[in-house]
Structures are given as C-alpha cells and as structure tokens.
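Structure record follows, encoded as structure tokens.
The values are calculated or read from the model by the stated rules, or taken from the named source; none is laboratory data. Remember, it's a predicted structure, so these values are computed and weren't measured experimentally. Backbone-built Cβ (ideal geometry, glycine too); neighbour counts: all protein chains shown. Areas reflect the complete protein model, heavy atoms only, side chains present, ligands, DNA and RNA absent. Shrake-Rupley method; radii C 1.70, N 1.55, O 1.52, S 1.80 Å.
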Amino acid sequence: MNLSEFCTCKNLDCPLHPTRHDRGCAPCIAKNLKLREIPSCFFHKTGGSETRSGDSFEDFARAVLNLPGN
C-alpha cells in the first residue's frame, strides 16, 4: 500500500485511490487536473466537504471563501 500520510479520501472503491495501486496520488491528481477539478483531500481541509456541490476549481474557491474568518 502506498498511501500518503495526508490522504483523507474515503472512496476506497475508486480505481485511483492510492491503496489500489503503487503510484501514490499522481493518478488522482492527473485526473483532477484534466477535468479542472480539485482532489477530495483538499476539500476535506475546508470542512463541510460532504455537502459540496462539486469538485471544480470554482467549488473549491467557494469552500475556501466560506471558511471562518473570511
């Protein structure tokens, strides 16, 4: 298993999850960059990631702007 210490993804069924291959986070990040999305682990740091509307750059920007203190 090649799980990065900061990986918080709970979608263990995803074929790109680091526990399903030996390439770490690279396949997930490559997929997200191609689709103009942000990986789940980034959203988890914003809180409320379970209720987000999507994984787009814009969705992430909204999540960051909604952090306490912003």
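Structural remarks
- When residues of the range 36-51 are limited to those that are in a loop (DSSP other than H, G, I, E, B) and open to solvent by less than 70 Å² (accessible area, probe 1.4 Å), the one nearest to LEU65 (Cα to Cα): THR46
- Inside the range 15-35, residues that are more than 12 Å from the chain's Cα centre (by Cα) and assigned to a loop (DSSP other than H, G, I, E, B) make up a count of 6.
- Restricting LYS10, LYS31 to those that are on the phi < 0 side of the Ramachandran plot, open to solvent by 100 Å² or more (accessible area, probe 1.4 Å) and of a type outside the set (Asp, Glu) reduces the list to LYS10.
- Residue within the range 56-65 that is open to solvent by 80 Å² or more (accessible area, probe 1.4 Å) and polar (S, T, N, Q) present: no
- THR8 vs. criteria in contact (Cβ under 8 Å) with a residue 12 or more places away in the chain, of a type outside the set (Asp, Glu) and in a loop (DSSP other than H, G, I, E, B): yes
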